[in-house]
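The values are calculated or read from the model by the stated rules, or taken from the named source; none is laboratory data. As the structure is a prediction and not an experimental result, all values here were calculated from the model. Cβ sites come from the backbone with ideal geometry, for glycine too, and all protein chains shown count toward neighbours. Only protein heavy atoms, including side chains, enter the accessible area calculation; ligands, DNA and RNA are left aside. Shrake-Rupley method; radii C 1.70, N 1.55, O 1.52, S 1.80 Å.
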Amino acid sequence: MKVLGIETSCDETGVAVYDTREGLLAHALYSQIALHAEYGGVVPELASRDHVRKLLPLIRQTLYEAGMAVADIDGVAYTAGPGLVGALLVGAGVARSLAWALDKPAIAVHHMEGHLLAPLLEDDPLGRPEPPFVALLVSGGHTQLIAVDAIGSYRLLGETLDDAAGEAFDKTAKLMGLPYPGGPQLAALAGQGVAGAYRFPRPMTNRPGLDFSFSGLKTQVMLAWRDSDQSDQARADIARAFEEAVVDTLAIKCERALEAAGCETLVVAGGVGANVRLREKLQAMAARRGGRVSFPRPAFCTDNGAMIAFAGALRLQAGQHGDASVQVWPRWDMATLPAL
Ligand code: ATP
Ligand code: MG
Ligand code: FE
């Protein structure tokens, strides 16, 4: 079964074709970063309009690269939430119309289920995690620990009470003068910082529980930056200490979550999953425990169409699909998803 996947939840237009027999056939991504950079953040109306402009050309390009005609599509998967309502509606409208015209099924995919299943897209079957496992979802809008009892059955173990980890990276970068979106740039700078020059707290690790809070760190950084000489070295040193605080906090809570869930497999997904220090730290933790940790390739940590095509393909293959209505859910609880 060849499934066309469409992602338009935020500022990336992603399209892919996943074949349930042959794997990923093609994928393409268009990022709106340059469009929003001028405003220092995503402007929802501009995002919707740019998805309108880019989605059809990207679908044509992806089908061409997969060596397929439109009529070869067996099903369509699209992100129906969570995300920006206008942006989601563009993808949902195109996906539903295409499925209607082709008389093929279409399925609404939960964006975070897409992120969560992205490590299962990797070619090496030995590298693919199997439930039960614990998933750490760390993206621009979410920081969640989830017990995955089976694909499609998700239990929330803990989440952030304020900023998401990626959001904390972006806001911290911004307040030290880095251009939008600052997260990856802050991480690159951290590599040039001196370890131990600054130290920030590991929020909410000195009491039990699996929730997170990252907004206080931002204030700590603001004060440190204000009181520094604001040199390039100070920026790098603060970036380093900030990254260490976030990475340590995530690692401590992941270990607790594995203990709480009684399993030894950890899956990490979402944009912050591309962070090199986080990957190293969690690998070391897993090795020490005799367990394992899986990540998507860095390009599939951030938003992409491949993860949506894949998540949708699993559900379509199980016979699930929606009716013809174009519906999206800007807020959508993953625990309400039907089991596979
Ligand atoms: P959500 O998936 O929660 O709706 P989103 O789709 O905007 O949010 P993603 O695309 O998964 O989020 O990830 C983007 C986030 O990842 C940004 O906040 C970005 O700063 C962060 N990010 C990307 N690369 C890195 C990195 N190497 N280190 C730290 N953060 C990173
Ligand atoms: Mg994005
Ligand atoms: Fe995302």
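Per-structure values
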| quantity | calculated |
| --- | --- |
| One residue from P181, P132 being within 16 Å of ligand 3 (Cβ to nearest atom) and either at pLDDT below 95 or over 30 Å from D323 (Cα atoms) (or both) | P181 |
| In the range 6-36, residue farthest from Y180 (Cα to Cα) [restricted to those that are open to solvent by 30 Å² or more (accessible area, probe 1.4 Å) and in contact (Cβ under 8 Å) with a residue 40 or more places away in the chain] | T20 |
| Strands (runs of 3 or more DSSP E) within the range 1-49 that include 1 or more residues charged (D, E, K, R) and in contact with a strand residue (DSSP E or B) (Cβ under 9 Å, 6 or more places away or on another chain) | 2-7, 12-19 |
| Selected residue (only one of G305, G270 is at positive phi, of a type outside the set (S, T, N, Q) and within 16 Å of ligand 2 (Cβ to nearest atom)) | G270 |
| First in the range 261-282 and within 21 Å of E113 (Cα to Cα) and open to solvent by 50 Å² or more (accessible area, probe 1.4 Å), second anywhere and part of a helix (DSSP H, G or I) and of a type in the set (K, R), Cβ under 7 Å, 6 or more apart | E264/R289 |
| Residue in the range 202-211 that is charged (D, E, K, R) and within 20 Å of L137 (Cα to Cα) present | yes |
| Filter result for L178 (open to solvent by 10 Å² or more (accessible area, probe 1.4 Å) and among the aliphatic types (A, V, I, L, M)) | yes |
| From the options G81, G40, G75, G86, residue that is of a type outside the set (D, E), within 16 Å of ligand 2 (Cβ to nearest atom) and either at pLDDT below 95 or farther than 27 Å from Y180 by Cα (or both) | G40 |
| Hey, H111 in contact (Cβ under 8 Å) with a residue 60 or more places away in the chain, over 30 Å from R235 (Cα atoms), open to solvent by 10 Å² or more (accessible area, probe 1.4 Å) and within 13 Å of ligand 1 (Cβ to nearest atom) or not | yes |
| Residue match in the range 234-248 (condition: in a helix (DSSP H, G or I) and without any contact (Cβ under 8 Å) to a residue 40 or more places away in the chain) | yes |
| Residue tally, condition within 15 Å of ligand 3 (Cβ to nearest atom), part of a helix (DSSP H, G or I) and within 26 Å of A241 (Cβ to Cβ), over the range 272-324 | 4 |
| Criterion (within 15 Å of ligand 3 (Cβ to nearest atom) and of a type in the set (G, A, S)) met by exactly one of S97, S139 | S139 |
| Residue that is in a helix (DSSP H, G or I), open to solvent by less than 10 Å² (accessible area, probe 1.4 Å) and small (G, A, S), where the choices are A187, A168, A147 | A168 |
| Tally, over the range 123-149, of residues that are of a type in the set (G, A, S) and closer than 21 Å to G262 by Cβ | 2 |
